[in-house]
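The values are calculated or read from the model by the stated rules, or taken from the named source; none is laboratory data. None of these values were measured; they are calculated from a predicted model. Note: ideal-geometry Cβ built from the backbone for every residue, glycine included; neighbour counts use all protein chains shown. Quick note on the areas: whole protein, heavy atoms, side chains included, nothing else; ligands and nucleic acids left out. Shrake-Rupley method; radii C 1.70, N 1.55, O 1.52, S 1.80 Å.
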Amino acid sequence: MAVSPAPGRVEDLRAANRAVLLNLARTLRTMPRRALANQSGLSRAAAYAIANDLQRAGILANDGIGTSSGGRRPQLLRFVPDAWLAIGIEMGERDLTVVVTDLDGTVLHRDQVLADSLAPSDAVAAAAAAVARLRTGFAGRRFLGIGFASPGTVDMDAGRVRGAVSYDWHDVPLADLLRERTGLPVFVANRSKAAALGELLRGAGVGARHLVYLYAGRGIATGIVVDGELYVGAASAAGEVGHVTILPDGPPCECGNRGCLHTVASGAVLLEQARAALAAGHDGGGLRRRAPDPQALTTLELARAAREGDPIAVRLVRAAGRHLGIAAASLLNTLNPDRFVLGGPLTEAGPTLLEPFLAEVEERALASTFASARLLVSVLGADAGSVGAASLVVRRASLLIDQAMQRL
Ligand SMILES: [Zn+2]
């Protein structure tokens, strides 16, 4: 959770110390002032100065008098998680999910809003309008900032979406655009990376140190957390497991390569195969019931049809589960996480996906990497991305609160 400071700068050191104390207070919940010094490793003077700042910001509040361990009975401080709020937005396939969370990542409000189109300008306009409504609805409350979970590859430092092929987004300065419309700090991450942070803060990843989140939806991607921090790689492109080769001479992929995991397990390709099977007259009553027009089928509906036993959907989802399991075994062997979370709409298929998935993981992962990882299905489900987007703000809370207090 700590903000990593650049070495050697005094203000960064202060920010890092503030983050340490904020996280400690979040863990302890109620504490005597001196516990903040004793348990943080900071000097008493430094800890008390920061505690005073946090009290001024409303994050710590007086909470009565505690019991004495010899000497004067201590004044207690209480962590106030909703003193400041964060907004998380995830760009979905057709709409945006918008959540408000407190500093614990607890969702206080959730909304689904439609954009006029998938164009960046319309997405930003819909997001800005949603933020304006939230500020009216939460009048008098203080917002720290906005996190945005975007499709495609994202330059996280610049808050720019480099490219999202299926949305036709190219080099979109999303953070700048949304900040201009809202006046709030904005942070952007790819959806799977955001979802990994969401699960870490509030879902199946709570307590994990090294986490891999595997998203199985229209596309396939991972969010990787190492030592509590998101691993993004040299070009913020780490985790593109959908484009790892799984069949050397397999079918062509949308990325230009051949035989990627995407070509055998992505919702996009499964839907094409389902439509072809329906067109060829195979039995697919469940699929036809869900979407009389096969073009309107979604990955989620395909997964639900598989859960209900539709034969086309079952065949496709079982094959996807096997291939996802093969990829997951490689991820366990490469990264040796202590937590592995499978998420995304395909998980709605339940055992039809999970049984072949787990069988492949268990067979192919090394005994040591398999034994040291807890494998779980996403707890946050469709909210993982938006909660994770809010966590981009929550993780920077100590810095953002300081900046906000200076503006007051
Ligand atoms: Zn590919």
(message) Out of the helices (runs of 4 or more DSSP H) lying entirely within the stretch 1-56, which hold 2 or more residues that are at pLDDT below 90 and open to solvent by 60 Å² or more (accessible area, probe 1.4 Å)?
(response) 10-28
(message) I need the helices (runs of 4 or more DSSP H) fully contained in the stretch 361-408, keeping only those with at least 2 residues that are open to solvent by 10 Å² or more (accessible area, probe 1.4 Å).
(response) 367-371, 397-407
(request) Give the residues of the stretch 207-222 that are touching a residue at least 60 places away in the same chain (Cβ under 8 Å) and in a strand (DSSP E or B), sorted by residue number. (result) 211, 212, 213, 214, 215, 216, 220, 222
(request) Filter the stretch 190-205 down to residues that are open to solvent by 10 Å² or more (accessible area, probe 1.4 Å) and under 14 Å from residue 395 (Cα atoms), then give me how many there are. (result) 3
(message) Just to be sure I understand the filter: pairs with C-beta atoms under 6 Å, separated by 6 or more residues or on different chains, first member in the stretch 232-250 and in a loop (DSSP other than H, G, I, E, B) and more than 10 Å from the ligand (Cβ to nearest atom), second member modelled with pLDDT under 95 and among the hydroxyl-bearing types (Ser, Thr, Tyr). Which pairs pass?
(response) 237/153
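Please state which one of 281, 286 is surrounded by 20 or more Cβ atoms within 10 Å (Cβ to Cβ) and more than 29 Å from the chain's Cα centre (by Cα).
Working: 281 fails: surrounded by 20 or more Cβ atoms within 10 Å (Cβ to Cβ).
Unique residue meeting the criteria: 286.
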(request) Please tell me if residue 276 is more than 10 Å from the ligand (Cβ to nearest atom), in a helix (DSSP H, G or I), in the same structural domain as residue 214 (by TED's automatic domain parsing) and without any contact (Cβ under 8 Å) to a residue 12 or more places away in the chain. (result) yes
(request) Confirm whether residue 319 is assigned to a helix (DSSP H, G or I), open to solvent by 10 Å² or more (accessible area, probe 1.4 Å) and not charged (D, E, K, R). (result) yes
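Could you tell me which residue of the stretch 259-273 is farthest from the ligand (Cβ to nearest atom), considering only residues that are open to solvent by less than 40 Å² (accessible area, probe 1.4 Å) and polar (S, T, N, Q)? Please lay out each step first, then the result.
Filtering the stretch 259-273 down to residues open to solvent by less than 40 Å² (accessible area, probe 1.4 Å) leaves 259-271.
Checking which are polar (S, T, N, Q) leaves us with 263, 266.
On the way: 263: 7, 266: 9 Å.
Among those residues, the one meeting the criterion is 266.
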(message) Whether any residue in the stretch 204-223 is on the phi > 0 side of the Ramachandran plot and within 16 Å of the ligand (Cβ to nearest atom) is what I want to check.
(response) no
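Would you check if residue 118 is among the hydrophobic types (A, V, I, L, M, F, W, C), over 26 Å from residue 199 (Cα atoms) and modelled with pLDDT under 95? Write out each step before concluding.
Details: among the hydrophobic types (A, V, I, L, M, F, W, C): yes; over 26 Å from residue 199 (Cα atoms): yes; modelled with pLDDT under 95: yes.
Here the answer is yes, as residue 118 does meet what is asked.
Residue-wise test of (1) farther than 30 Å from residue 14 by Cβ; (2) of a type in the set (Phe, Trp, Tyr); (3) at pLDDT 95 or above.
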residue	(1), (2), (3)
283	yes, no, no
286	yes, no, no
289	yes, no, no
295	yes, no, no
301	yes, no, no
321	yes, no, yes
334	yes, no, yes
346	yes, no, yes
396	no, no, no
(request) Could you figure out which of (1) within 16 Å of the ligand (Cβ to nearest atom); (2) assigned to a helix (DSSP H, G or I); (3) of a type outside the set (D, E, K, R) isn't true of residue 256? (result) (2)
